[in-house]
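This report refers to the structure that appears directly beneath it.
Values in this text are rule-based calculations from the coordinates and carry no lab data. Treat the numbers as computed from the prediction; the structure is a model and nothing was measured. Methodologically, a virtual Cβ is constructed for each residue, glycine included, from the backbone with ideal geometry; neighbour enumeration extends over all protein chains shown.
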Number of protein chains: 2
Amino acid sequence: MDIGKYKSHDRLLVAVDCIIFGFDGDGLKALLIKRSLQPEKGKWSLMGGFVNQDESTDEAATRVLRQLTGIENIYMEQLYCFSDVNRDTAGRVISIAYFALINIADYNEQLQSEHEARWFPLDKIPTLVFDHKEMVATAKERLQSKVANHPIGFELLPEKFTLPQLQNLYEAIYESKLDKRNFTKKILSLSILNKLEEKEKASSKKGAFYYVFDKSKYRKLHREGVKFV
Amino acid sequence: MDIGKYKSHDRLLVAVDCIIFGFDGDGLKALLIKRSLQPEKGKWSLMGGFVNQDESTDEAATRVLRQLTGIENIYMEQLYCFSDVNRDTAGRVISIAYFALINIADYNEQLQSEHEARWFPLDKIPTLVFDHKEMVATAKERLQSKVANHPIGFELLPEKFTLPQLQNLYEAIYESKLDKRNFTKKILSLSILNKLEEKEKASSKKGAFYYVFDKSKYRKLHREGVKFV
DNA sequence: TCAAAAGTGTTATGAATACACCCATGT
DNA sequence: ACATGGGTGTATTCATAACACTTTTGA
């Protein structure tokens with residue numbers, strides 16, 4: 001590769017920062033860690049790290065997330081490039097933000113034990129380093145608009161879930177109440193759910209039927225994007 | 001600024017590339033120039049340039065566009081960060097793509113004369129350098145989805161425009177025909193247009209009334225985002 | 001007078017919304 | 001027996017979609 005032609009131009013530090021949204025049946029949460037390097041060491045922060053010469057930003061985001069949390073193979077997409085000259089107080093760093101969705105229960109133990117990561121309800125996010133607060137806000141907006149047309153909300157749930165759980169999730173994302181009957185009607189009309197015999201009995205006496213996705217129809221919707229909730 | 005802490009990390013060349021969409025009453029077009037530096041010098045390319053140490057990517061995009069085309073003060077927003085390791089054949093460069101909208105007639109002369117820039121209908125884009133083809137495709141998708149909820153389409157029209165012109169624009173963006181009566185009804189129901197006495201007589205014998213935006217209502221919609229066409 | 005584009009209303013269909021009662025069961 | 005959350009149907013409203021004729025006027 002002949003890099004000579006570009007030699008005279010500035011080179012910048014490029015970082016990735018990941019906003020990980022999680023759901024545990026009770027409000028949306030974001031995953032934060034204590035920043036491990038100066039400046040601002042010890043303050044709450046998104047998962048972040050620098051992009052290496054030999055990896056794309058997607059690869060960097062995947063790697064950083066794995067290194068910091070052990071999380072792999074989750075839904076993640078690029079959010080936005082944050083590039084204010086003074087966004088990082090220690091130097092010029094542009095950051096490509098990513099957002100991801102996971103089911104908290106799937107990962108909770110390893111996060112708590114092996115890594116100093118913690119879930120924060122979206123309305124109780126502590127002060128964050130740099131422009132990470134803005135990143136979280138942007139990610140939340142993106143999640144809301146994305147979830148309206150794509151069935152990505154399911155990434156936040158366990159494989160088996162009940163309709164009330166699904167509705168709770170949408171209510172958490174939209175921060176508003178939905179009508180139970182209308183919600184059920186709408187979701188079932190998409191016919192991407194298969195009802196199981198089994199019931200979830202923990203959260204009610206009557207018990208609620210579990211559902212799972214119909215993977216093939218689910219992927220079809222995922223690709224095409226459909227008017228969702 | 002203490003940059004010492006980050007010293008050991010890779011620094012990358014960061015570029016911006018601008019997809020400029022234009023409309024001249026007859027189909028959507030994209031603005032391209034002949035690339036002025038090696039490699040691939042002389043091939044068609046988006047407007048691009050490197051991001052300097054002391055500017056944000058927004059600022060870089062604005063500057064690059066001004067330098068290459070003289071265009072200023074137009075609607076522009078960040079599109080996506082393209083970062084494949086081998087996207088630029090001459091070295092590792094990540095690129096933040098921006099897309100912009102303008103009315104071709106407002107800028108045509110200066111573009112043709114002072115700069116080697118040319119408009120290409122979207123279905124006749126020539127072979128482009130690097131991953132610029134993908135950037136154009138991504139920008140087109142974004143334009144389509146954005147214009148459905150935000151009145152940014154108006155950026156592509158002159159200040160005074162007729163309803164048939166506006167409809168042509170939407171048809172060009174969506175690449176499909178719309179019903180004249182339904183379109184008129186919908187647009188007027190938003191009440192962001194003010195009808196003028198004056199008629200545009202060039203393109204028909206009867207003549208079509210000019211309209212202008214109601215700036216204040218327009219901005220309100222712009223902010224809030226409304227179900228549009 | 002005729003060709004070409006502008007302008008205009010009604011009906012039909014489907015989606016979103018509002019709304020209230022019975023069911024199953026563990027305590 | 002009763003308290004708790006789960007499950008179900010209908011009527012209304014509203015937005016979208018389909019559809020055709022008259023008007024104006026320059027050539």
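To the nearest 10 degrees, how steep is helix A:132-147 against the longest Cα principal axis of chain A, on a 0 to 90 scale?
On a 0 to 90 degree scale, this one is about 40.
Collect residues whose amide H, placed 1.01 Å from N in the peptide plane, falls under 5 Å from the amide H of B:TYR75; neighbours closer than 5 in sequence don't count.
B:LEU101
Using only the Cα atoms of chain A, build the gyration tensor, take square roots of its eigenvalues as a ≥ b ≥ c, and label the shape rounded, prolate or oblate: rounded if a/c is under 1.5, else prolate if a/b is larger than b/c, else oblate.
Because a/c hits 1.5 or more and a/b exceeds b/c, chain A counts as prolate.
Taking A:ASN194 in one copy and the same position in all the others, each labelled 7 Å out along Cα→Cβ, what are the pairwise distances from the first, in nm, shortest first?
6.1
What are the ³J(HN,Hα) values, in whole Hz, obtained from phi via the Karplus relation 6.51 cos²θ - 1.76 cosθ + 1.60 with θ = phi - 60°, for each residue of region B:200-208 in sequence order, with x given for Gly and Pro?
Rounded to whole hertz, the list is 8, 10, 5, 9, 7, 6, 5, x, 10.
May I ask you to sort B:ARG87, A:ARG181, A:ARG118 by Cβ crowding, counting other Cβ atoms within 10 Å and putting the fewest first?
In increasing order of surrounding Cβ atoms, one gets A:ARG181, A:ARG118, B:ARG87.
Could you give, in nm with one decimal, how far B:ALA208 is from each other copy of that position, shortest first, with labels 7 Å out from Cα toward Cβ?
Sorted ascending, the copy-to-copy spacings read 5.2 nm.
Which value, in debye to the nearest 20, gives the size of the charge dipole of the protein assembly as shown about its Cα centre, when Lys and Arg are +1 and Asp and Glu are -1 at the Cβ?
That gives the protein assembly as shown a dipole magnitude of about 1620 debye.
Using the basic label-point model (7 angstrom from Cα toward the beta carbon), what is the B:ARG66 to A:LYS133 distance in nanometres?
With each label point 7 Å from Cα toward Cβ, the separation is 3.1 nm.
What shape does the protein assembly as shown have by the C-alpha gyration tensor, where a ≥ b ≥ c are the square roots of the eigenvalues, rounded means a/c under 1.5, and otherwise prolate means a/b greater than b/c and oblate the rest?
Because a/c hits 1.5 or more and a/b fails to exceed b/c, the protein assembly as shown counts as oblate.
I need the inter-copy label distances for A:GLY42: point set 7 Å along Cα to C-beta, values in nm with one decimal, smallest first.
6.2
I'd like the Karplus ³J(HN,Hα) series for region A:178-189: coefficients 6.51, -1.76, 1.60, θ = phi - 60°, whole numbers in Hz, and an x wherever there's a Gly or Pro.
Karplus values, whole Hz, x for Gly and Pro: 10, 6, 4, 5, 5, 4, 4, 4, 4, 5, 5, 5.
If I model a spin label at A:ARG219 and B:GLU175 as a point 7 Å from the Cα along the Cα→Cβ vector, what separation in nanometres do I get?
2.5 nm
Using the crude model of +1 on Lys and Arg Cβ and -1 on Asp and Glu Cβ, and no other charge, please compute the dipole size for region A:4-147 relative to its Cα centre, in debye to 20.
The calculation lands at about 480 debye.
Could you quickly flag the chain B residue whose beta carbon comes closest to the rotation axis taking B to A, and that distance in whole angstrom?
Spelled out as residue then distance in Å, it is B:ARG11, 2.
Rounded to whole Å and sorted largest first, what semi-axes of the equivalent ellipsoid does the C-alpha gyration tensor of region B:151-224 yield via the square root of 5 times each eigenvalue?
Values for region B:151-224, descending: 19, 16, 11 Å.
If amide H atoms are built 1.01 Å from N in the plane of the peptide, which residues on other chains or at least 5 residues away come under 5 Å of the amide H of A:THR162?
Distant-sequence amide H within range of A:THR162: A:TYR211.
Remind me, relative contact order of chain A in percent, using alpha carbon pairs under 8 angstrom and six or more residues apart?
So the answer I get is 21 percent.
For chain B, give the share of DSSP beta bridges that are antiparallel, in percent and rounded to the nearest 5; count only bridges with both residues there.
70 percent
Which cross-chain or sequence-distant (5 or more) residues have an amide H under 5 Å from the amide H of B:GLU200, H modelled 1.01 Å from N in plane?
Hits under the 5 Å cutoff: B:ALA208, B:PHE209, B:TYR210.
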